[in-house]
Every structure is written in C-alpha cells, then in structure tokens.
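A quick write-up on the structure given underneath.
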Protein chains: 2
Amino acid sequence: MTLTTEERLKLIKRNTSEVLTEEELTNLLKTKQNPSVYMGTATTGRPHIGYIAWAQKLADFSKAGFKIKVLIADIHGALDNTPWKLLNKRYEYYNIVIPAMIESVGGLKDNIELVRGSDYQLNKEYVMDLYKMSSYVSVRNSTKAASDVVKMGDNPMLSGLIYPLMQALDEEYLPVDVQLGGVDQRKIMVLAREFLPKLGYQPRIEIMIPLIKGLTQDGKMSSSIQNSKIDLLDDLKTIQDKLKLAYCPEGNSENGIMDFAKIVIMTQKQDKDEEFIIDRPEKWGGPLKFKTVEELENAFVSKQLHPMDLKNGVAIEIDKLLAPIREKMKDREQLIEEAYPQ
Amino acid sequence: MTLTTEERLKLIKRNTSEVLTEEELTNLLKTKQNPSVYMGTATTGRPHIGYIAWAQKLADFSKAGFKIKVLIADIHGALDNTPWKLLNKRYEYYNIVIPAMIESVGGLKDNIELVRGSDYQLNKEYVMDLYKMSSYVSVRNSTKAASDVVKMGDNPMLSGLIYPLMQALDEEYLPVDVQLGGVDQRKIMVLAREFLPKLGYQPRIEIMIPLIKGLTQDGKMSSSIQNSKIDLLDDLKTIQDKLKLAYCPEGNSENGIMDFAKIVIMTQKQDKDEEFIIDRPEKWGGPLKFKTVEELENAFVSKQLHPMDLKNGVAIEIDKLLAPIREKMKDREQLIEEAYPQ
C-alpha cells in the first residue's frame, strides 16, 4: 500500500501540536520516500505511560515511510541530574523498555534504529562542533532553551546549558531530517534551527506533540512529580489503584486520564478499526462503546460516562499496552534495582 | 650543580604573588627531583612583552629541575572570541613566537614541551570528564571563575563558561604537578583545586605571578587594551616611540615601565651577574648603573632617575630581548597577516 504525499502528511500531523515548518515537511515528503526522524529520550527517571504518546507518533512516521531513530541519550541523562555512576544501568534499562514500548503500540521493530548517545557524542568532530556552537550561543539563550526540559533549580549546573546544544547537534550527527518531541522541547528545537546553520548545517524540521497531563491536578506526567505517573512496568492492580486516586472530576475532561484515552487509546482503537469498550456493570447501565474522540469526550462532559467507569476502562487498556513491556522486563529485578536503586 | 630543596623553593617563589599551597610545593620538591609545571596561553591577541614575565618564571622552574610544558591553547583561544577560522594560523604564530620568547629569557629549549590544546582536548576521556565536570560546577561558579580571564561583555557566550573547566582538566591531562599563571587566573585555579577531586583526581599546586601593568595609566598590559602593550615583534624604533608616550610620572614607580624593569630586566641582569646600565648622556650626569631592584626603585622615587632616561634604558633592554624573537619571525609576513588579518 503506497500512501500519497497528502496521506503521509496527514498521518504525520495527527495528534501533533506544531510543525516547524509545514512547508518544509511537505517538501521533504515530496522529495524523499524514506526520510528519517528521531526522538531522543534522556535516561533520567523511569519511563511512564506518557512516553507512549511519542512511541505511537513514531509508529505513524513509520507508516509514512520514515526511518526511525530513537536516541537513548545517556549523556543527556547525566547532564540532567542522573548520577554518572548509573549511566550504564540506566542505558540498559531504557534499551529494553523503550523498544518494547514502541512495538507495543504498533511500531515496526525492523524499522527502528536505537542509538546510544555516548557512542558518538564523544567523537572528535561532534565535540569540535560543540565547542564551536558554545561560542555562538549565549548563556542567556542556552538557559532559556533548557528551562522547560532540564531540572535547573536555584543554582543550575553548567551541564544543563550544554544539554540543548548537544540536542541540536544530534540532528546533524544522527543524522536525521526531522526531530520529534513534546511541546516542552520547543525552545531547544528553535535554538537548533537557529544555530545549526551557523555551523554550516541545514536546519531540521521540528515536530511537537502535546504532553499528557499527570494524574494529579497540575502539570504534565513526569517521573519527577510524585503520584503523577503510571510506570511502564506497573501491573494491573497498581494501575487500578493509581487511577482510583487520580484527578478526574465528573464532567471536566481536562485531566490526564482523558488525555491518555483521547490521544493514545482512541488512536490505537481507530487504527485497528475497533471501538473503545468500557465494561460498565449492568446495574449502572451496561457496557459503553466509543468510536471517536468526540463521542468519548461528549459522553464524559455530559456526565453519561462516570469517572469511575472511565478509570476502569482506561486501566484495562493501559494494562494491555504494558503487558508486553512487563514481559520483556520479567526476571530483570536486578537491573531494575541497579538502574533505580531505592 | 645540584640545588637543595630550599634553593629550589626560593627560586620558584621569587617574583610570585601566591603559591597554593606552599606546603604542597615544599612536599613536591622533597619527593620529586623532576616535577612538571605548565603554563597555558590561549591563542587570542598577539603576544606582548607582558608574556615575558611568565617565560622568565618558567626558566626559574627549569633551573629548579622541573619539566616545562607550554600549552598553546588553540581551542581556549576560540572559546575566548578568536574566530574559529583563524585557529590554525594563530596556533602557528604562537608556536613560533612563544618558544622563541622562552629561549630569549634563558629557558632551556630542550626542557620545554610544547603541547597543542586541540591535540588532546577532543579525546574521548577528556570530553567525558568535561561533561562530568559540567554537572558538578554551577553556572554561577564557572561565570565567576571566567570573569577575570575571558572577555564576557553584557551577553556572554556559553564558551566562556566552558573555558575554566577545560583549564582545570588540562592539569590532569597534560599531566602536570603545578600550574603557573598570572594572578588573573586565580579564580580558575581555585575552581580547578575544588573540582578535580570530584572527578577522582588530585588537586594541583597553583602558582601565580603579578601582572605587568600596561603602558597606559590603568590596567594590565593586554592585547585588547589599545596602546597598553609592546608587541613581541616590535622593532627598536616602535618600542622607543611607544615608551615615549607611556605613562611614567617622575618619582612614582607605579607604572608598567618600572614593573617591567623590576620584574624582568633586573632579574635577567642579576642572574647574569650584570648591572642594568642606563646610558644617560654626559650632560645629564652620565651613565647610571643598578645592581638591585631596590637601587633602581630608590633612584626613580627620589627623582635621581628621570622617566626619559628610564624609558631610554628600558627600550634598549626590551629590544635585546625581542631581537631573537623577531629573527625567528622574519620573512613570515604572510603568517602574521593570516593570523592577524588587518
């Protein structure tokens, strides 16, 4: 099945919040059958279900003919507060969990290249370019670029300012045509577009997806915000317990559970031509079925779908997505403990 | 001739302003016959006679049995505002002028190892340590450390903050026991002592020498301060013309010409068991001879030595020191033009 340029464009744009620029993307699709895209993940906290949104997006790219590169950014992890001594174990952990997750949402395994940051970010040419770029980017600019991504605090470390420059260089050195990231990456992506040309390189296309809200009332789902997330290795019981406590007021769809249902679950269902079925007990009205995001959202806002039923239905779906990931990590308790010592 | 530990200590300490720490230095001299010292020079502006003070100091180290390493810091030059495209030519320029200068003040040529920064500052181990160190040093600390050395301005570039960390790592990677530098390097040296141990390395001994004042009324002699300096390639006529205009009020020894005479000329003379002879015309009282810094300073402060005569005498001595350096650079007009395009 060959997709037209317009079909490819539509596939790539769905569930995104911004494309820099759409003109360049259209042109890329017209001129290359197999362009490349990368998504980087710094080896910091334990990956959670928020990551599934970008894994799913990568699956879209794959269907649109893109070569997929996933950067397991170990050095970036350390530049953003991961202890250096955990570098290797964190890498090992991500290197199992991340591809399992991409597979779980329909990414074609053979079409994904996993790259380890430290495999090329210590190379002479890369480092020379990093030194060069540091002489073009002001402290102010790099601070601003890092501010939404790196944990800076009151007394930021210099590493946090180096982080955005390396992310820019990664586009050139992987190399790729497109970078995919959450909207929190926007300032770094803009910096990359501004400064790669000063080194004589082409600016890349930057594509952003919305961040999934956390389970608590405020902020994105984040490893560093307690109770905001469901870990990729959580079991059904844990998922259910966490969702039970999660922020999800009746009739108000602005919450992390609805976000996940709308962005991930409904996309998965639609791609398989299935419905999202919530197995509501007969005494509360029996099963509910949703074909589209709009149907789901309308039911929730009009209070036909109760938060408790939504939570039950979403828990089952999350559990299905996580089952193959947990499977890949079973019997790896030692690695888990070494990568994330208690 | 073998020197005792105390004689070596005295030789190293003369004309210095601070030793961090003297206890460590004494211990080093007791335990090593041939320790090593390095002085780094970033390939920025054209070297001037202020550099002779440290060249002379290196000669002292050489006499005290030290192996001398001179770092021609090309990457540091670029991190401090030298255009990257001039990197190679600036390096070539320094690589001729700097050893010629050291030889001119009695440094033993065979005992000097010249190292080019980019020859090892792009190596994997070095860069990994740089990434690591950047995660331990705050933006605040690196800004403070760089402030007396790097030209920062209102909107400093990130490169200026990386500069001090590399200077710290250089101590480990050259490797050396001691770093020599002007007092303007103090904050970087203190940073090096604080943070090398966090990477598991020994802190090094830091030795500072006073900066020679510029020829204008304020500030140190510096390539970036117009009219403050005599270039290592200036000829006698130029030297004389510059000194004629230089700040040197009668009776006040706080000026760059007296600094140079006291620190460089008198040390050179005493080491050769010679006197500093100023060839004053008979009508103004005939020749003047000085055996010690005190004699010279007293004569100037008591106005027995007139600024014009001092300037004449110093011009002749500077010219003698520069003659062999100019000789090495004759017929190199093209290199000069390429390294410092007008």
Item to check | Conditions (1) surrounded by fewer than 19 Cβ atoms within 10 Å (Cβ to Cβ); (2) within 14 Å of another protein chain (Cβ to nearest Cβ): number failed by A:Gln202 | outcome: (2)
Checklist outcome for this item: Among A:Asp110, A:Asp74, A:Asp80, the single one that is under 23 Å from A:Asp177 (Cα atoms) and modelled with pLDDT of 95 or more is A:Asp74
Checklist outcome for this item: Within region B:75-97, the residues that are under 16 Å from the mean Cα position of the chain (by Cα) and within 19 Å of B:Asp170 (Cα to Cα) are B:His76, B:Gly77, B:Tyr94, B:Asn95
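Given B:Glu333, B:Glu327, which one is surrounded by fewer than 17 Cβ atoms within 10 Å (Cβ to Cβ) and under 22 Å from the mean Cα position of the chain (by Cα)?
B:Glu327
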Checklist entry - Does B:Tyr173 fit the bill of being among the hydroxyl-bearing types (Ser, Thr, Tyr), surrounded by fewer than 21 Cβ atoms within 10 Å (Cβ to Cβ) and more than 10 Å from every other protein chain (Cβ to nearest Cβ)? => result yes
Next on the checklist: Pull out all pairs, ordered by first then second residue, where Cβ-Cβ is under 6 Å, the residues are six or more apart or on different chains, the first lies in region A:116-137 and is within 11 Å of A:Met166 (Cα to Cα), and the second is in a loop (DSSP other than H, G, I, E, B) and of a type in the set (A, V, I, L, M, F, W, C).
Outcome noted: A:Val127/B:Leu122; A:Ser134/B:Leu158
Checklist entry - Which is within 12 Å of another protein chain (Cβ to nearest Cβ), touching a residue at least 12 places away in the same chain (Cβ under 8 Å) and out of contact with any helix residue (DSSP H, G or I) (no Cβ under 8 Å at 6 or more places or on another chain), of A:Asn95, A:Asn81? => result A:Asn81
Checklist entry - Of all residues in region A:7-44 being among the β-branched types (Val, Ile, Thr) and in contact (Cβ under 8 Å) with a residue 24 or more places away in the chain, which is farthest from A:Arg204 (Cα to Cα)? => result A:Thr44
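For B:Asn123, state whether it is within 14 Å of another protein chain (Cβ to nearest Cβ), polar (S, T, N, Q) and surrounded by fewer than 18 Cβ atoms within 10 Å (Cβ to Cβ).
Yes.
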Checklist entry - Among the residues of region A:70-86, which ones are buried (at least 20 other Cβ atoms within 10 Å of the Cβ) and not in a loop (DSSP other than H, G, I, E, B)? => result A:Val70, A:Leu71, A:Ile72, A:Ala73, A:Asp74, A:Ile75, A:His76, A:Gly77, A:Ala78, A:Leu79
Checklist entry - Does region A:70-90 contain any residue that is touching a Leu at 6+ places or on another chain (Cβ under 6 Å), more than 27 Å from B:Ile162 (Cβ to Cβ) and not assigned by TED's automatic domain parsing to the domain that holds A:Lys328? => result yes
Next on the checklist: Considering only residues that are touching a helix residue (DSSP H, G or I) at 6+ places or on another chain (Cβ under 7 Å) and not in a loop (DSSP other than H, G, I, E, B), which ones fall in region B:269-283?
Outcome noted: B:Phe276, B:Ile278
Next on the checklist: Being within 21 Å of B:Lys151 (Cα to Cα) and surrounded by fewer than 19 Cβ atoms within 10 Å (Cβ to Cβ): is that true of B:Ser228 here?
Outcome noted: no
Checklist outcome for this item: The correct count of residues that are facing chain B (nearest Cβ under 7 Å) and closer than 15 Å to A:Arg193 by Cβ in region A:137-164 is 2
Checklist outcome for this item: Filter region A:243-299 for residues that are under 25 Å from A:His48 (Cβ atoms) and aromatic (Phe, Trp, Tyr); the one that is surrounded by the fewest Cβ atoms within 10 Å (Cβ to Cβ) is A:Tyr247
Next on the checklist: For the structure I just gave you, tell me whether B:Val190 is surrounded by 22 or more Cβ atoms within 10 Å (Cβ to Cβ), over 14 Å from B:Ala73 (Cα atoms), touching a residue at least 60 places away in the same chain (Cβ under 8 Å) and away from every other protein chain (no Cβ under 14 Å).
Outcome noted: no
Next on the checklist: Pull out all pairs, ordered by first then second residue, where Cβ-Cβ is under 9 Å, the residues are six or more apart or on different chains, the first lies in region A:226-249 and is at positive phi, and the second is surrounded by fewer than 17 Cβ atoms within 10 Å (Cβ to Cβ).
Outcome noted: A:Asn227/A:Leu245
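The values are calculated or read from the model by the stated rules, or taken from the named source; none is laboratory data. Keep in mind that what you see is a predicted model, and the values were worked out from it rather than measured. Please note: Cβ atoms are built from the backbone with ideal geometry, for glycine as well, and neighbour counts cover all protein chains shown.
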